[in-house]
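Here is the structure we will look at, set down as structure tokens.
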Amino acid sequence: MKAGFWVAPEGEDAAMTVMPIGAEPPLRARKINFLATSSAEEMIRRCRRTAMLLPDIADALAVQKAGAPGRLSDITDYPEDDRELITQTLGEGEVAGVAALANGITAQMQEAVMAGVWRIRFTDVEGRLIGDYVEVASIPAAVRQACSALHPSISHGPAPAGAMNVMPVLTEVGDRAARYRDGEPTHVITFSLFPMSPEDMAFLQETLGAGPVQLTSRGYGTCRIVATGARNVWSVQFYNAMDTIILDTLEICDIPSVAVAAEEDFRDSEMRLREIEEAYFK
């Protein structure tokens, strides 16, 4: 069995597939800044709705607080060129993910190069786009919405043959999850600190189940954040360049901090966005 709490379906290497929002590679990966090209100049002249949107996003960043409800800007009915220009301007930052909502709706989320600014695309069960938004928030509201229906308690049967430590781990997880309240410090269970047999890990994963949210963060190495089927219980795994798990944990919290924009991120992103607006859109 592959090491770690979260095991990809059927032994696949990747635990999730995050669909890209735009066809272009992220801004940070390009040798030439698209906004500095003649093609962009012409697009900016045509796309006045984008030029009007950017200061609104910057104003939202100026007053946004960590943990406070975010601000959504609906760009669903923007012309295609405007939405493409928004994609190019925001770029792709460190965090991306998907959230499964009710009625087969899926939210695809991509943080911009400005932390705390998110592009959220909603698709229906047929994969058709039904909503396209820019959101200023610590984490998109779709993440909390998807997790709100999860059950706070954990139930399980007897320990399987070959189990070593799974039962006390489940007791600890269940107790902490049931008592957790928003804003409390994160409780972390690190699997490298005590032995867990393959039977332990299989039973733990089977008991907790898979939740509706999957995120990746590529800040310092790769981190995969997966909601379990129990409310406020997350699998958080850090990988090295060889895609080997170097830290495998369960976190009992609202949202793991590695995926969340901090207070100072909003101020830094405001300054950066206003600089982009001044340099290219005025």
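Derivation of every value follows stated rules applied to the coordinates shown; laboratory data play no part. Since the structure is predicted, the reported quantities are computational estimates derived from the model, not experimental observations. A quick note on method: Cβ atoms are made from the backbone with ideal geometry, for glycine too, and the neighbour counts reach across all protein chains shown.
Lys/Arg Cβ at +1, Asp/Glu Cβ at -1, dipole of the chain taken about the Cα centre: which of 158, 78, 145 is farthest positive-ward?
Selected residue: 78.
Treating only the Cβ of Lys, Arg, Asp and Glu as charged (+1, +1, -1, -1), what charge dipole size does the stretch 147-259 show about its Cα centre? Round to the nearest 20 debye.
Approximately 220 debye in magnitude.
Using Cβ contacts closer than 10 Å as the measure, can you line up 114, 196 from fewest to most?
196, 114
Helix 198-208 sits at what angle to the longest principal axis of the chain, using alpha carbons and giving 0 to 90 degrees rounded to 10?
60 degrees
Would you kindly state how much longer the chain becomes between residue 194 and residue 161 on full extension, computed as 0.36 nm times their sequence separation minus their alpha carbon distance, in nm to one decimal?
Net length gain for the segment: 10.0 nm.
Please work out the Cα center distance from the stretch 193-237 to the stretch 60-83, rounded to the nearest Å.
If we compute the Cα centre of each part, the gap is 30 Å.
Size of the dipole of the stretch 219-282 about the Cα centre, Lys and Arg at +1 and Asp and Glu at -1 on the beta carbon, nothing else charged, in debye to 20?
It works out to roughly 200 debye.
Run the simple label-point estimate for residue 279 and residue 264 please: 7 Å along Cα→C-beta, distance reported in nm.
Distance between label points: 2.2 nm.
Rounded to the nearest 20 debye, what is the charge dipole size of the chain about its Cα centre when +1 sits on each Lys and Arg Cβ and -1 on each Asp and Glu Cβ?
I would put it at about 220 debye.
Of the listed values (i) 18.5, 57; (ii) 20.5, 68; (iii) 18.0, 49, grab the one calculated as Rg and Dmax of the Cα atoms in Å from the structure here.
Label (ii) holds the value from this structure.
In whole Hz, with x marking every Gly and Pro, tabulate ³J(HN,Hα) for the stretch 171-180 from phi via Karplus 6.51 cos²θ - 1.76 cosθ + 1.60, θ = phi - 60°.
Result, ordered by residue: 5, 5, 4, x, 5, 5, 5, 5, 9, 5 Hz.
When the Cα atoms of the stretch 147-259 are enclosed in a convex hull and the volume is divided per residue, what value in Å³ results?
Residue-normalised Cα hull volume stands at 102 Å³.
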